[in-house]
Every structure is written in structure tokens, then in C-alpha cells.
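Down below is the structure, laid out as C-alpha cells.
The values are calculated or read from the model by the stated rules, or taken from the named source; none is laboratory data. Being a predicted model, the structure only gives us computed values, none of them experimental. Backbone-built Cβ (ideal geometry, glycine too); neighbour counts: all protein chains shown. Only protein heavy atoms, including side chains, enter the accessible area calculation; ligands, DNA and RNA are left aside. Shrake-Rupley method; radii C 1.70, N 1.55, O 1.52, S 1.80 Å.
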Amino acid sequence: MFPYLNIDVEKSIDEFIETNKKLSNGVKYMMDIKDLESDSTPKDISYTEDKMKLYHYKSQCEKVSKTPTLIVYALVNRQYMMDIQPDRSVIKKLLESGLDIYIIDWGYPKQEDMYLTMDDYINGYINNAVDHILKTNNVDKVNLMGICQGGTFSSIYSSLYPEKVKNLVTMVTPIDFGVDEGLLFKWGKHLNIDNMVDAYGVLPGDLMNSGYLMLKPFQLMLDKYVNLVDNIHKPDIMTNFIRMEKWIFDSPGQVGETLRQFVNDLYKGNKLVKGELKLGDKEVNLKNITMPLLNIYAEYDHLVPPSSSAALNDLVSSTDKELASFSVGHIGMYVSSKSQKEIAPKLANWLLERD
Amino acid sequence: MYTQKHYENFMENVFDSQKKMFDMWKNTVVPCSTEKESLKDPSFIDSSLEMMNKWNEVNSKFFENIMDFSKENPVYSTYDKMFSSMNSYNTLFNMWKDFQDKAFNTNPFDMNSFMDSWKKQYFDMVGTTFSPVLPQKVQKLYKDSIDIYKSHMTNASNLFKPWTDNSAPLNELYTKTLMGDANAFVEFTKLLKENYESSYGKFFDIPTLGLNRNYFEVNLKSMESYINYINTTNEFTSTLYKVAYETMENIISESLNMGKENKEPQSFREFYEYWWRKNEEAYNNLFNTDDFAKLLSHVVDSGVNFKKDFDNVLEQQFSFLPFPLKSDLNSLYKTVYDLKKQVRDLSKKID
């Protein structure tokens with residue numbers, strides 16, 4: 001069978017038979033799996049504008065922080081990754097720690113949204129959401145927690161409206177796009193995004209997903225599913241896997257004009273770091289960020305290179321600033337066991353200390 | 001009418017021609033016939049051929065002279081055609097001989113210049129062979145047609161030039177590809193793409209005319225985009241295959257070495273783990289190169305171009321139907337977007 005290898009043929013045949021047995025029985029197990037809903041932590045819609053919804057989570061402890069925290073998620077994928085399942089919900093953990101949490105759901109943009117710009121998202125939707133929270137809670141400032149691209153938006157927002165932000169938390173956030181690491185950064189520099197935006201208006205989520213899968217083709221398109229067979233008889237693991245799978249491919253389209261500016265000005269021009277970025281008639285200067293900053297990156301992030309995230313701390317004027325990292329990947333930051341045991345507590349404590 | 005002068009000229013020509021023919025025969029055939037080996041000597045063939053040509057020439061002249069007084073005479077035209085045919089036959093022989101000489105005696109063999117000269121001779125031969133057979137009034141049309149055909153052939157030749165120029169490297173790369181050379185496969189697809197772009201690809205950019213000009217141009221552009229997309233995808237795929245092939249070779253080689261050190265995978269599952277990780281690593285190395293980033297960008301770009309051009313074709317096809325098209329809606333979306341922005345700005349000012 002393998003003339004050039006001393007493979008134990010008997011062992012290999014046993015493995016093969018065992019795998020096929022699991023696979024054939026797997027149908028039975030799969031039929032029993034309940035597709036538990038993600039995004040199940042109780043919340044209310046607090047504000048809406050176009051397709052954007054601002055949710056306010058119901059408090060889960062008696063003592064709640066004075067300063068509300070607004071979570072700004074990326075436009076890529078859906079915000080319920082932070083509430084992926086009841087026993088691994090970062091949101092739930094933060095609520096239990098005493099934070100008052102709001103989160104923006106960007107919705108699923110359609111062709112009619114194709115002309116929305118970064119200016120509309122940051123000076124428009126985020127600013128309006130912040131104003132709504134300030135007014136509703138009768139406070140002057142909010143905590144802003146930005147995730148991935150949402151962290152970039154939050155950093156820009158904090159530099160434009162420092163008077164409205166008490167504390168800034170950025171997680172797995174791309175800031176310095178000039179770093180020579182990361183495939184997305186390398187590919188993004190050569191991408192003719194203008195042509196893509198002109199052709200699609202709103203870029204299909206599946207198109208974006210195929211790009212992400214290419215970053216680790218064998219792991220993400222093959223091995224992930226091969227290994228699944230080993231666990232097919234374990235309902236808990238399978239349920240979690242299916243939920244994650246559902247989230248991964250629940251990819252909203254990307255608004256063309258916003259993506260055009262994000263790629264051209266940031267991936268290609270690295271204007272945020274150079275201090276050359278403009279949103280509408282406003283110039284963005286990260287030096288305007290003076291509030292306390294907690295910047296967290298994932299040590300095994302294959303989407304946002306740690307060095308790109310880490311750069312933020314040197315670009316802001318904040319005196320109270322911390323750079324933290326965890327030995328997880330980009331998504332592991334929110335769904336791994338560490339997210340419950342280490343990361344969520346770190347977030348809550350850091351914010352509560354500065355409440 | 002026959003005259004005395006015609007008769008005298010005729011007799012002079014007969015004697016003169018016979019004398020010339022005899023001299024020629026004496027000068028050419030006689031010296032060569034002294035040695036049997038001379039038959040294999042190319043100079044003998046040349047001199048014999050020359051003699052034949054001259055003989056033909058003399059006789060043509062002879063008959064031309066004697067029939068000069070009766071051009072309309074069918075006898076004259078029969079002889080004229082006969083000698084024209086003979087001339088064509090000789091021309092063909094010359095071409096064949098030229099081919100023999102160049103193909104087997106010239107090193108390196110310059111195929112292009114040979115083809116050019118062969119083509120010219122061929123046209124000349126065809127022209128001189130068939131043209132006289134036709135009625136005189138039609139001969140101009142025939143000659144002009146040949147000129148047009150020559151021009152067409154020149155254009156066709158230019159069109160095929162990239163393919164003829166690259167036929168040798170293409171064959172070589174294709175053979176190497178069949179022998180499992182992954183680099184050759186990549187180069188082969190690149191060369192195919194380049195050839196296409198400098199030959200057939202240009203067809204799609206030809207401006208069109210008339211009432212349906214726009215319709216044809218949009219269709220041609222869409223076809224061109226599709227072919228460009230396929231070509232670019234082929235190049236992309238061959239680049240991926242190359243890595244797969246090289247990685248498999250490395251895996252086999254490494255496995256053999258591991259076997260020597262007793263470190264090889266102990267089961268198929270272990271081998272599978274080792275296999276996919278090696279592949280992932282190899283692809284990661286490829287993906288991290290600037291060349292790949294550019295190639296990926298080209299693939300995406302060519303796909304997007306095709307989508308745009310095909311969308312245009314569809315829009316054109318459906319423009320007669322009573323429903324709004326994508327471009328109509330985009331225009332509407334822009335208007336709504338601008339209006340909403342204005343309303344928000346005004347609302348803020350009021351607040």
C-alpha cells in the first residue's frame with residue numbers, strides 16, 4: 001500500500017474501518033443534534049437607524065457600572081459571535097461582572113446601502129448610537145469596545161469625539177496596515193478594490209469568505225471536517241461545531257463604498273498611522289485619543305497580525321494605556337475556554353476599575 | 001494578311017532558335033555527360049535545369065514571334081498556355097528544389113524567411129499558370145483577387161505569428177508538462193495567455209460599425225472578458241498545481257529519509273496529518289509571495305471584469321422589457337442616499 005513507508009498496515013486498516021463506522025453512525029447522531037440558538041442572552045432593541053440596530057442587554061447582576069459600554073463589532077460577520085452559546089458567552093460574562101452592555105448589529109446590507117461610506121458608519125451610525133446611549137442614560141461618556149474592524153472604527157471615533165469616550169478597548173484590531181505580515185495585508189495591497197466595488201456595489205459575503213478560507217486552505221477546508229468525524233458521536237462538541245460553522249458562513253455583504261475606502265486608505269495607503277485619513281470633512285488624528293486604552297491582541301491571529309494591533313499604543317496620547325495578549329487565535333478570543341476564564345474577566349475588571 | 005516580311009522574319013527566327021538551342025545543348029549537356037557521377041552533382045542538375053529553362057524560353061520566344069501576326073488565333077493561345085504551363089511547372093520545380101536545398105542543407109533552417117519566399121513564389125506561379133487561361137476581361141479581376149488574397153494572407157500570417165514564433169517553446173513546454181515538469185506547466189499556460197493576448201485577443205477590440213454597433217461591441221467585450229478570465233484562472237490553477245506536485249515530491253523524499261531514521265508515520269492517520277501540514281506550509285509559502293498576491297489580484301480582477309461586461313450584455317438584452325435594470329436601481333439608490341443624507345444634516349441643524 002505504501003511501499004516507501006513503513007506504515008503499520010493493520011493499524012491503518014483499523015483506523016479506516018473505525019472512521020467509516022463513525023461516519024455511518026454519524027447520520028443518526030446528527031439527527032439528534034439540536035441547533036441551539038446563538039445570540040440568546042436577553043436584550044432589547046434600544047435604537048434603530050436604517051439597517052443598524054442598537055441592542056441593550058438586560059442586566060444580570062444587582063450592581064451595574066455607571067458608564068455604559070458600547071460594543072462595536074466589525075462589518076464582517078455577525079456580532080453574536082460574542083454571544084455564541086450560553087456557556088461560552090463573553091457578553092453574558094461581562095454582564096455577570098456588572099457591566100452595562102450595548103451592542104451594534106449592523107444587519108445585512110443590501111444594494112440600496114451600497115453608497116454608505118466610512119463617514120456614514122462612524123460619524124453617522126456610531127455617533128448617533130453613542131448620542132442615544134448618552135441621552136438615555138443621562139451620562140456624558142460611554143466606554144467603547146471595538147472588535148477587529150470595529151476596533152479600527154472605534155479608534156477613529158475616539159479620535160474624532162474624545163469628549164464622548166471614557167475608556168477605549170480595542171480587540172484584535174488592525175491599526176498599522178504597513179506591517180509586512182499577514183496574508184490579508186499582503187493580498188489587500190494588490191487588490192483592485194475599485195473594480196470590485198464598481199461591479200458589485202455590495203460585495204457578497206460568500207466572496208469574502210472564500211478569501212478567508214484561502215488563508216489556511218487545508219486546515220479550514222479539509223482537516224477541520226476530517227477531525228469532525230472523530231467527534232461525530234459527541235453531541236456537545238457537534239452542537240458547538242455546527243453553531244460555529246453557522247456563524248462563520250453567516251456573512252453579510254460588504255458595503256462597497258466603505259470597503260473601497262477601507263482598502264484604499266488603510267490597506268494600501270496606511271493613512272490612519274500616517275495621520276492622513278479623512279472622514280467627510282474631518283481629519284483623523286490618533287493623537288487625539290487621550291482616554292485610557294486597553295489594547296488586546298491574539299498571539300495566533302492569522303487575520304490581523306499582532307504587530308498591526310500593537311502599534312496603536314504608540315500612536316495615542318493616552319497616559320493610561322495597556323497592551324495585553326492571549327495565546328489564542330482571532331476567533332478564539334471570544335469562543336475559547338480562555339475567553340471565559342481569562343479574557344472576559346480581564347475586560348470587565350479593567351473597565352470597572354476605571355468606571 | 002501574311003506578308004513577305006512576316007515570312008522572312010519567320011525563317012530567321014527558326015534558324016536563330018535552332019542555332020541557340022544547339023549551342024546551349026553543347027554547352028551544358030555535353031561536358032557533364034563525360035562523367036557518370038555528374039548525375040549526382042547538384043551543379044549538373046542546375047545546369048540541366050538552366051538548359052531546360054532556356055530551351056523553354058527560346059521556344060516561347062520563337063512561337064511568340066511566329067504567331068505575332070495572329071494573336072487572336074486559337075493556335076497561338078494554345079501554345080501560349082502550353083508554355084505558360086511549362087513555366088509554372090518549372091517554377092514549382094524551382095520551389096521544390098529550393099525547399100530541398102534549404103530544408104536539408106541549411107543549418108540552422110530559417111523557416112520564416114523560407115516560408116516568405118515560398119509564399120511569394122507560389123503566388124507568382126499560380127498567377128502565371130491560371131491567369132492566361134482566363135478570358136482577358138476577367139484577368140484583371142483575377143489578378144486583383146490575388147492581390148487581395150495576398151493582403152489577407154499577410155494579415156492572417158501576422159495574426160498567427162505569435163503562435164508560429166512560439167510553436168517550438170510551446171511544444172517543448174507541453175512535452176515537459178506531460179513528463180511531469182510543474183514549472184513547465186506554469187510557463188506553458190503563461191505563454192498560451194500571452195499568445196492569445198497578442199493574436200486572437202485583439203479581434204475582440206475591433207471597432208464595429210452600423211446600427212447595432214454598440215450591441216456587437218458589448219457582446220465582443222463580454223466574450224473577451226470571459227476568455228481572459230479563463231486564461232488567468234488557468235495560470236492561477238497551474239501555479240497551485242505546481243506547489244501540489246512539488247510538495248508531493250518533497251513528501252515522498254522526506255518520507256524515505258524518515259524511514260531511514262525510523263521516524264516515519266506509523267499509521268495512515270499519522271501520514272495524513274503529516275501530509276496536510278506539509279501542504280499547508282507549502283501553500284502558505286506560496287501565498288506569502290508578492291507574485292502570488294499579484295496573480296490572485298489578476299484572477300479576481302478578470303472575474304470581476306467578466307461580471308461587469310456580462311452584466312452589460314444582460315442589461316442590453318433586457319432593456320426592452322418592462323422592468324427596471326440594475327443601473328436604473330443604482331441611480332435610484334444614489335438619489336435616495338443623497339436625499340437621506342441631506343435630511344439627516346438638516347435634522348441635526350434643526351435639533
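Some notes on this structure:
- Options A:LEU259, A:LEU183: the member that is within 14 Å of another protein chain (Cβ to nearest Cβ) and closer than 30 Å to A:GLU322 by Cβ: A:LEU183
- Exactly one residue among B:TYR196, B:TYR229, B:TYR174, B:TYR200 is buried (at least 16 other Cβ atoms within 10 Å of the Cβ), among the aromatic types (Phe, Trp, Tyr) and not assigned by the TED database to the domain that holds B:PHE306, and that residue is B:TYR196.
- Some residue of segment A:43-66 being at pLDDT below 75 and either out of contact with any Phe, Trp or Tyr (no Cβ under 8 Å at 6 or more places or on another chain) or within 14 Å of another protein chain (Cβ to nearest Cβ) (or both): no
- In segment A:86-106, the residue that is nearest to B:ASP345 (Cα to Cα) out of those that are assigned to a loop (DSSP other than H, G, I, E, B) and open to solvent by 10 Å² or more (accessible area, probe 1.4 Å) is A:TRP106.
- Looking only at segment B:265-284, and only at residues there that are in contact (Cβ under 8 Å) with a residue 12 or more places away in the chain and more than 7 Å from every other protein chain (Cβ to nearest Cβ), the one that is least open to solvent (accessible area, probe 1.4 Å): B:ALA282
- Hey, A:TYR4 modelled with pLDDT of 75 or more and either open to solvent by 50 Å² or more (accessible area, probe 1.4 Å) or farther than 17 Å from A:PHE241 by Cβ (or both) or not: no
- Among the residues listed as A:LYS63, A:LYS28, A:LYS34, A:LYS11, the single one being in a loop (DSSP other than H, G, I, E, B), surrounded by fewer than 16 Cβ atoms within 10 Å (Cβ to Cβ) and without any contact (Cβ under 8 Å) to a residue 40 or more places away in the chain: A:LYS63
- Residue identified as assigned to a helix (DSSP H, G or I), hydroxyl-bearing (Ser, Thr, Tyr) and within 14 Å of chain B (Cβ to nearest Cβ) among A:TYR115, A:TYR121: A:TYR121
- Residue within segment B:265-279 that is within 24 Å of A:ASN227 (Cα to Cα), at pLDDT 90 or above and small (Gly, Ala, Ser) present: no
- Inside segment A:188-228, residues that are away from chain B (no Cβ under 11 Å) and of a type in the set (Val, Ile, Thr) make up a count of 0.
- For segment B:285-300, the set of residues classified as more than 7 Å from chain A (Cβ to nearest Cβ) and of a type in the set (Ser, Thr, Tyr) consists of B:THR289 only.
- B:THR239 modelled with pLDDT under 90, more than 7 Å from every other protein chain (Cβ to nearest Cβ) and open to solvent by less than 80 Å² (accessible area, probe 1.4 Å): yes
- Long-range neighbours under 9 Å by Cβ, at least six apart or interchain, first residue more than 19 Å from A:LEU220 (Cβ to Cβ) within segment A:231-254, second of a type in the set (Asp, Glu) and not in a helix (DSSP H, G or I): A:THR239/A:ASP35
- Of all residues in segment B:309-351 being under 25 Å from A:ASP120 (Cβ atoms) and touching a residue at least 12 places away in the same chain (Cβ under 8 Å), the one that is farthest from the other protein chains (Cβ to nearest Cβ): B:SER327
- Out of B:GLU224, B:GLU249, sole residue that is surrounded by fewer than 14 Cβ atoms within 10 Å (Cβ to Cβ), more than 11 Å from chain A (Cβ to nearest Cβ) and at pLDDT 80 or above: B:GLU249
- Applying the criterion of at least 1 residues that are open to solvent by 50 Å² or more (accessible area, probe 1.4 Å) and out of contact with any Phe, Trp or Tyr (no Cβ under 8 Å at 6 or more places or on another chain) to the helices (runs of 4 or more DSSP H) found wholly in segment A:135-251 leaves A:183-190, A:193-200, A:205-215, A:224-230, A:235-248.
- Note on segment A:38-57: residues that are open to solvent by less than 40 Å² (accessible area, probe 1.4 Å) and aromatic (Phe, Trp, Tyr) total 2.
- Given (1) away from chain A (no Cβ under 14 Å); (2) within 30 Å of B:LEU159 (Cα to Cα), number of the condition B:THR233 does not satisfy: (1)
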